[in-house]
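Working notes, structure below.
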Amino acid sequence: KYIERIPVLDIKTTSHKVSFETAISIFQQRLTISPVSKTELVKITYVAFDPERARNIVNEIGETYLQYQNDLHRSSQENTSTWLVEQLTDLELKLKVSESALQKFREEEGIVDTKGVVGLVAGELTELTSSLLRATRAQDDLKVTYQYILENEGVVSKLLALHEINNNSLIVKLRSVEDTIERKKRELSRRYGPKHPKAIAIQAELEAVKVRINNKAITISQSIVENYFSIQEKVKATENRLKDAKASFLRLSRLDNKFSQLKREVQTNKELYQSYLIRFKEADAMGTYKANLYVRFIDRAATPKNQIAPRKKLALVLTFMVSMMLLALIVITR
């Protein structure tokens with residue numbers, strides 16, 4: 001928009017100089033930026049005495065604003081890139097430190113994969129615990145028998161009363177033989193006297209079987225005692241192995257926890273580094289991005305063809321009407 005040149009109001013044609021603040025104030029008074037209703041557009045209007053100047057100022061204001069947005073965007077990109085470079089440097093250092101710590105831990109402890117070793121030791125613990133329970137149960141079962149054998153050592157008749165001895169397969173066979181010989185002895189005693197050779201022979205055979213039974217009972221009782229001692233040693237050995245396995249499991253668990261912690265730290269630092277590296281590449285790729293893609297000219301200002309002030313025709317009409325009213329008032333008054 002423009003108005004007819006009035007030297008009194010034109011900054012350049014005034015007879016006296018104005019201050020910078022006054023010039024800015026006058027410029028702001030003539031400038032109007034108004035949003036267009038229900039749109040994201042704004043309308044820039046400037047009032048000047050020269051239509052060309054009005055057009056140039058409006059267009060220059062738009063260009064200046066676009067340049068300002070570009071500068072802001074460029075400054076933001078530079079600051080973001082600088083910050084990302086600093087973060088990447090710190091993260092790279094942290095990643096190297098964590099990887100070095102993990103490698104050092106591996107070399108010092110001789111660890112390749114703690115999960116497999118911990119699993120093996122855990123399996124061994126389970127197996128040893130089961131073995132200890134079985135051995136302890138067998139020891140408790142033999143303890144009563146062992147004490148009975150100690151109390152009746154040398155008394156074969158009482159030893160034969162033990163279930164473990166009496167039900168022994170060889171004892172059962174020998175008793176069967178003994179019963180058979182007893183029957184033969186009873187049959188011979190009906191025919192022959194005690195001094196008959198056949199009676200003497202069958203008696204000797206019977207006594208030999210009894211001796212074998214007694215000897216076998218003693219042997220079995222000794223075997224039971226030895227078995228009890230063996231189970232005792234097995235229980236002690238299993239307890240020691242279980243104790244060592246528990247200590248190994250606890251040590252390996254601590255190593256596994258430390259190893260997992262170091263691995264998680266390396267993985268976290270690696271993921272952070274990769275994330276910031278991607279952001280840096282994105283920021284670098286957007287280095288040529290123009291902010292005015294979001295702020296742009298829809299319609300540039302053209303040179304106004306009609307002035308907005310002063311409006312001569314309207315002034316003449318108003319002057320004529322006021323004059324007629326004054327003239328009528330004078331006539332009526334007179």
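The values are calculated or read from the model by the stated rules, or taken from the named source; none is laboratory data. This is a predicted model, so every value here is computed, not measured. Note: ideal-geometry Cβ built from the backbone for every residue, glycine included; neighbour counts use all protein chains shown. Surface accessibility is based on the protein's heavy atoms, side chains included, excluding ligands, DNA and RNA. Shrake-Rupley method; radii C 1.70, N 1.55, O 1.52, S 1.80 Å.
Measure off, as a whole percent, the carbon and sulfur share of the 1.4 Å-probe accessible area of the stretch 157-307, all protein chains present.
Working: 5500 of 10810 Å².
Percent of accessible area from carbon and sulfur atoms in the stretch 157-307: 51.
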Completion exercise
Distance in nm between Ser176 and Asn56 label points, each 7 Å along Cα→Cβ, equals 13.5
Exercise for the section: Can you give me the span-like helices of the chain, meaning DSSP H runs with 20 Å or more of Cα extent along the axis and Kyte-Doolittle mean at or above -1.0? Expected result: 114-151, 169-191, 197-285, 312-333
Completion exercise
Taking the chain, the whole-percent share of alpha-carbon pairs separated by over 34 angstrom is 71
Completion exercise
Rounded to the nearest 10 Å², the 1.4 Å probe accessible area of Leu120 is 130
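Mind checking the full-extension length gain between Leu314 and Gln28? Use 0.36 nm per residue of separation minus the Cα-Cα distance, one decimal, nm.
Working: separation 286, 0.36 × 286 = 102.96 nm, distance 2.76 nm.
So the extension gain works out to 100.2 nm.
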Fill in the blank from the handout: Computed, not fitted: 222 nm per-residue ellipticity of the chain from DSSP H runs ≥ 4 (each -39500 (n - 2.57)), nearest 500, equal to -27500 deg cm²/dmol
Completion exercise
Long-range amide H partners of Asp50, meaning residues 5 or more apart or on another chain whose placed amide H is closer than 5 Å, are Ile3
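Over the chain, with the other protein chains present, what is the accessible area per residue in square angstrom, probe 1.4 angstrom?
With all protein chains present, the chain gives 73 Å² per residue.
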Practice task
Obtain the nm distance between the two label points defined at Glu226 and His163 by a simple spin-label model: each point lies 7 Å from its Cα along the Cα-to-C-beta direction.
Solution key: 2.4
Practice task
Give me the distance in nm between label points sitting 7 Å out from Cα along the Cα-to-Cβ direction at Met321 and Val97, one decimal.
Solution key: 8.5
Handout entry: Computed log₁₀ I(q)/I(0) - Debye formula, equal Cα scatterers, no solvent, the stretch 175-267, q 0.20 Å⁻¹
Key = -0.95
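To the nearest 20 debye, what is the magnitude of the charge dipole of the stretch 151-267 about its Cα centre, counting +1 on the Cβ of each Lys and Arg and -1 on the Cβ of each Asp and Glu? The partial results should precede the final answer.
Values: 24 positive and 15 negative charges, 55 e Å.
Dipole magnitude for the stretch 151-267 comes out near 260 debye.
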